[in-house]
Each structure stands twice: as structure tokens, then as C-alpha cells.
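See below for the structure under consideration.
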Amino acid sequence: MRRPIVIVPACTRLIGEHPNHAAQHKYVNAVVLGARCMPLVLPALGELADVDAVLSVADGVMLTGSASNVHADLYGQTIHDPALPLDAARDATTLPLIRAALERGIPILGICRGFQEMNVALGGTLHQAVQEVSGMLDHRDRPQDAMEVQYGPAHPIRLTRGGVLAEILGNPAEIQVNSLHGQGIAKLAPGLAVEAVAPDGLVEAYSVANARSFALAVQWHPEWRVTDNPDSTKIFLAFGKACIAYLEQNGVP
Ligand SMILES: N[C@@H](CCC(=O)NCCCC(=O)O)C(=O)O
């Protein structure tokens, strides 16, 4: 049987004067080494993307992080800080893709921006600057820090007892995670189940209740050094197992 195919939606990136479509190596590497699947990067085509065609060859979808924010229009707000980057083409590609993948029961893993996209796609909202919300921590990374520091442990998260994520991780009460985000979940979309929270109560992971397959999203970065962190390895292995199961039951051989 062939390796499962995981769709990885790209971000738009300007290289010189030319717009490009990009996905960071650590994400596609985690699909290969962590999930043992084959990544297929999907350009941020927006309305030009034929979602049905793409999902007809997909055994999984992984939504990556990105420095860009989900456009506030998409969850009924006005932009709080216009200096922060956006990626409308990525939004226009991923939100329909998320809804269609869930409809088809295709396994989906959301990471950081991807975690925020799934919440918005399903009717939730975001805090645009978590650090400015009373009682909330500053969840941002410090760009001047070395990458090992930026992606190193930043805070604990408390796992929902008996939850999907807790089971994947062997039922610890809490784990340490990295933190590289300025936005976060304000209103959780209907049908999403909290899987972990930060010390300030911010939702850090959720699952799609009643999903037909693996449907988990996390605010942190398990793709970082995926084989070095046992928790990250377990998350990607669980995702990969679900993609194999989807391929066996529905996939194009
Ligand atoms: N822009 C959003 C999401 C943050 C995010 O995805 N950070 C990771 C960026 C770099 C990487 O992909 O590792 C926010 O600020 O909340």
C-alpha cells in the first residue's frame, strides 16, 4: 500500500518581487518523519482552488503555523493591529478546505495558525492580541531569541482528563509546550471540545467532537524537532495512523 498523502496548504511569500507559495521544512519534515506520510503542498489559490479535486487524492490535511494572522473580517471583527501580516489567499484556501475535509471524514491536524483557522472556519472567534486581554499571559515568542529558545518549553498546559489528546499522550495531567503566537481563541466554535488549556485559561488544544476521524488542533508547535520530543512524536504518529486508516478505507490506491 502506498504512503498516505497529506495536504499541506502553503502560505503566500514574496521572494523578490514575485509572490510564491511556501511551506516551512519543519512541517513537511514532520509529516514524513512524524506521521510517516507524504506531504503535498497546496498553493494558496483561494477561490481558484478546486477543493473537491484536492481532497479526492488526500488521506489527511495538516494546517501549518504562520506569522500571518487570519483576517479579522472572517470572525466579525475589525483588524486590531494593521502592522501585523495577513494572508488572504491562504485564508480563502484553508477555510473551505477545512470544512470539506471534515465533511469527508479526512483526518486533520491544525497547528498554531492552523489551530486558529479551524476555529474560525467552524464559527469561532479569536483574541487578536492575547497579551492585551486582562488576566492573560503574553504567549508571543521573542524574535531576538535563538530558535532553540523560541521553540523551547514556554509554559505548561493542563490536559482535559479522558480527552482525545490526553489519551494520545498517555494521560499526563499536564505537559510543557512552546509558545509562538500573539492571537488565540476567544470563542470556541460550536462542536469543538477543549483538550488543553494554558495557566491563564487560554484554550491550547481542541478536538472536533463527533468527527468521523482524527480532528485535533494545537496552539503550540509539535512539528519542531518532532522526533526529539515524545509528546510531539505521539501526536504525529496518531495523526499518521488515522491517515493510514483513511487510505485503507477510502483512499485512491
Ligand atoms: N499569526 C498567528 C499564528 C502564529 C503562528 O502560527 N506562529 C508560528 C509562526 C512560525 C512557525 O510557523 O513556526 C498568531 O500570531 O497568533
### Task
Being in a helix (DSSP H, G or I) and without any contact (Cβ under 8 Å) to a residue 24 or more places away in the chain is the filter; apply it to segment 143-159 and report the residue that is surrounded by the most Cβ atoms within 10 Å (Cβ to Cβ).
149
#### Entry: Any chance residue 166 is open to solvent by less than 70 Å² (accessible area, probe 1.4 Å) and away from the ligand (no atom under 16 Å from the Cβ)
yes
#### Entry: Lone unmet requirement of (1) under 21 Å from residue 75 (Cα atoms); (2) surrounded by 19 or more Cβ atoms within 10 Å (Cβ to Cβ); (3) among the aliphatic types (A, V, I, L, M) for residue 186
(2)
### Query
When you go through 144, 131 one by one, which is the residue that is more than 13 Å from the ligand (Cβ to nearest atom), over 30 Å from residue 212 (Cβ atoms) and not small (Gly, Ala, Ser)?
144
### Task
Residue by residue through segment 209-232, note down the ones that are crowded, with 17+ Cβ neighbours inside 10 Å, hydroxyl-bearing (Ser, Thr, Tyr) and closer than 23 Å to residue 141 by Cα.
232
## Note on the structure
Sole miss for residue 207 among (1) of a type outside the set (Lys, Arg); (2) more than 13 Å from the chain's Cα centre (by Cα); (3) within 30 Å of residue 56 (Cα to Cα) is condition (2)
### Query
What are the residues in segment 160-177 that are under 17 Å from residue 207 (Cβ atoms) and in a loop (DSSP other than H, G, I, E, B), if any?
160, 161, 162, 163, 170, 171, 172
### Query
Can you list the strands (runs of 3 or more DSSP E) found entirely within segment 1-114 that contain at least 1 residues being open to solvent by 70 Å² or more (accessible area, probe 1.4 Å)?
11-15, 18-22, 38-42
#### Entry: Residue check for residue 217: without any contact (Cβ under 8 Å) to a residue 60 or more places away in the chain and either in contact with a strand residue (DSSP E or B) (Cβ under 9 Å, 6 or more places away or on another chain) or part of a strand (DSSP E or B) (or both)
no
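The values are calculated or read from the model by the stated rules, or taken from the named source; none is laboratory data. Please read all numbers here as calculations on a predicted model, not as lab measurements. Note: ideal-geometry Cβ built from the backbone for every residue, glycine included; neighbour counts use all protein chains shown. Please note that ligands, DNA and RNA were not included when accessible areas were found on the heavy atoms of the full protein model with its side chains. Shrake-Rupley method; radii C 1.70, N 1.55, O 1.52, S 1.80 Å.
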